[in-house]
C-alpha cells in the first residue's frame, strides 16, 4: 500500500533528503488475521491496526469479514484483471481502477438478481421476471440517476 499510494515527505533542510515513501495522515487499515486450531478449523479472528487506532477502526469498519470477503470474491469472479496468474492480470494501476469501476457498475446496474425476481401473470411458459438493483430502486420510488456514472469511466492512457 505504501509503495503504491504513499508519498515521499518533503525535505526539512536537515540531513539527507527522504527517499522512502510514508503512509498518509488519514489512513485507516485494519488487518483481520484468522485464528485456527491444531486441526485447521477456524476459531476466531485477531484484529490488528496497521494504520489508525484500533477503537476507531472497529467502529468505522466493524469486526465481521464475511461482507468484505464476499465482495472481493464477487469482484474477482467478474473481473479477470484481479485474478493472479492469468494473462489479463493488471499491473497498471489506472487500468485496474477503471476495470474495477466498470465491474462495479455492471454488478450494480445491469446484472439481474434472483432475490428480486417477481412472479409473471398471463405469460405462458414464464413464471418469473428478473430485475436489477436499479430497477428495484425505481419500483420502490428511489429512482436516482446512477446511469451517469457509466459515462465518466474512461481508460487512462
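At a glance:
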item: Per-region count, segment 1-59, residues modelled with pLDDT of 85 or more and touching a helix residue (DSSP H, G or I) at 6+ places or on another chain (Cβ under 6 Å); result: 1
item: Number of the condition not met by residue 75 [criteria: (1) surrounded by 13 or more Cβ atoms within 10 Å (Cβ to Cβ); (2) without any contact (Cβ under 8 Å) to a residue 24 or more places away in the chain; (3) under 21 Å from residue 28 (Cβ atoms); (4) not assigned by TED's automatic domain parsing to the domain that holds residue 30]; result: (2)
item: Residue that is surrounded by the most Cβ atoms within 10 Å (Cβ to Cβ) [pool: residues in segment 53-72 that are in a loop (DSSP other than H, G, I, E, B) and in contact with a strand residue (DSSP E or B) (Cβ under 7 Å, 6 or more places away or on another chain)]; result: 65
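Let's see how each residue does on (1) surrounded by fewer than 13 Cβ atoms within 10 Å (Cβ to Cβ); (2) outside the structural domain of residue 73 (by TED's automatic domain parsing); (3) modelled with pLDDT of 75 or more:
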{"site": "106", "(1), (2), (3)": "no, no, yes"}
{"site": "115", "(1), (2), (3)": "yes, no, yes"}
{"site": "134", "(1), (2), (3)": "no, no, yes"}
{"site": "154", "(1), (2), (3)": "yes, no, no"}
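The values are calculated or read from the model by the stated rules, or taken from the named source; none is laboratory data. For clarity, every value in this text was computed on a predicted model and none was experimentally measured. Methodologically, a virtual Cβ is constructed for each residue, glycine included, from the backbone with ideal geometry; neighbour enumeration extends over all protein chains shown.
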